[in-house]
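Colleague: Sharing a structure, written as structure tokens. Questions coming.
The values are calculated or read from the model by the stated rules, or taken from the named source; none is laboratory data. Just so it is clear, the model here is predicted, and its values are computed rather than measured. Don't worry about glycine lacking a Cβ; one is built from the backbone with ideal geometry, like all the others, and counts go over all protein chains shown.
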Amino acid sequence: MSATGLPILELETARLFLRPYQPADAAAFFTVLDQSRARLQLSFPDRLRSVPTLAAVPAQLAAFAHDWATGRFYVFGIWHRESQAYLGDICIMPQRGGQAEIGYYLAEAAEGQGYAREALVAIIRFGFEQLRAERLLIRCFADNVRAQQVAQAHGFQLLTKEEPERSWFRFNFWDSEPLKPAILHFIRTK
């Protein structure tokens with residue numbers, strides 16, 4: 001995989017186009033995240049912390065552009081081709097050993113319409129062809145059956161299961177957190 005960033009690319013599918021964010025996308029990006037905070041808290045806590053307000057979005061979009069330029073992380077906004085509506089986000093992060101990890105989220109209104117599956121096809125191709133990854137990883141919570149089905153529909157195989165953090169090992173009356181659900185790892189090789 002490349003140590004420096006790739007040229008800016010837009011990806012197209014039958015109904016979607018995926019592209020890196022531009023400054024003009026700030027309001028749409030923030031609106032979906034802000035409306036989805038409760039749903040995305042466990043899966044994307046860093047993303048939510050980085051954009052607590054609309055005023056914080058330009059810095060986050062600039063960070064995405066920097067990450068792209070350095071090859072650290074490739075973040076694509078997902079737009080509906082016909083309506084031009086912003087639907088969500090899909091990203092891929094190169095890792096060691098020829099692996100890249102994929103993550104995505106959609107606006108709640110966009111879920112259940114096949115958009116995640118469609119965007120995933122484009123990112124799989126990007127990962128294998130552009131990043132030259134040998135292996136792609138998707139992590140999802142064990143209770144997120146829909147995400148598991150999306151991964152498996154595209155040839156990802158269940159690899160391992162991370163055990164939830166055992167809160168009783170570090171129990172503290174003043175700083176206790178509920179158990180997080182188990183995380184499943186799905187892998188697809190070239």
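Colleague: Among the residues of region 70-88, write down those that are in contact with a Gly (Cβ under 7 Å, 6 or more places away or on another chain), modelled with pLDDT of 95 or more and either outside any strand (DSSP E or B) or within 16 Å of LEU9 (Cβ to Cβ) (or both).
Modeller: Hit for region 70-88 is ILE78, nothing else.
Colleague: For the subset of region 8-27 comprising residues that are aliphatic (A, V, I, L, M), closer than 24 Å to GLY114 by Cβ and assigned to a loop (DSSP other than H, G, I, E, B), which member is nearest to the chain's Cα centre (by Cα)?
Modeller: So, considering only residues that are aliphatic (A, V, I, L, M), closer than 24 Å to GLY114 by Cβ and assigned to a loop (DSSP other than H, G, I, E, B), the one nearest to the chain's Cα centre (by Cα) is LEU9.
Colleague: Could you tell me whether region 70-80 includes any residue that is under 17 Å from TYR105 (Cα atoms), surrounded by fewer than 14 Cβ atoms within 10 Å (Cβ to Cβ), touching a residue at least 40 places away in the same chain (Cβ under 8 Å) and touching a helix residue (DSSP H, G or I) at 6+ places or on another chain (Cβ under 8 Å)?
Modeller: no
Colleague: List every residue pair whose Cβ atoms lie under 8 Å apart, where the two residues are 6 or more positions apart in sequence or sit on different chains, the first residue falls within region 118-141 and is farther than 18 Å from ILE78 by Cβ, and the second residue, located anywhere, is modelled with pLDDT of 95 or more and among the aromatic types (Phe, Trp, Tyr).
Modeller: LEU131/TYR74
Colleague: Residues in region 28-43: is at least one basic (Lys, Arg) and in a helix (DSSP H, G or I)?
Modeller: yes
Colleague: Next up: Sort out which residues of region 81-92 are among the aliphatic types (A, V, I, L, M) and surrounded by fewer than 17 Cβ atoms within 10 Å (Cβ to Cβ), and write them in order of number.
Modeller: Residue satisfying the conditions is ALA85 alone.
Colleague: Let me confirm something: among PHE64, PHE128, which residue is crowded, with 19+ Cβ neighbours inside 10 Å and under 21 Å from LEU6 (Cα atoms)?
Modeller: On inspection, the qualifying residue turns out to be PHE64.
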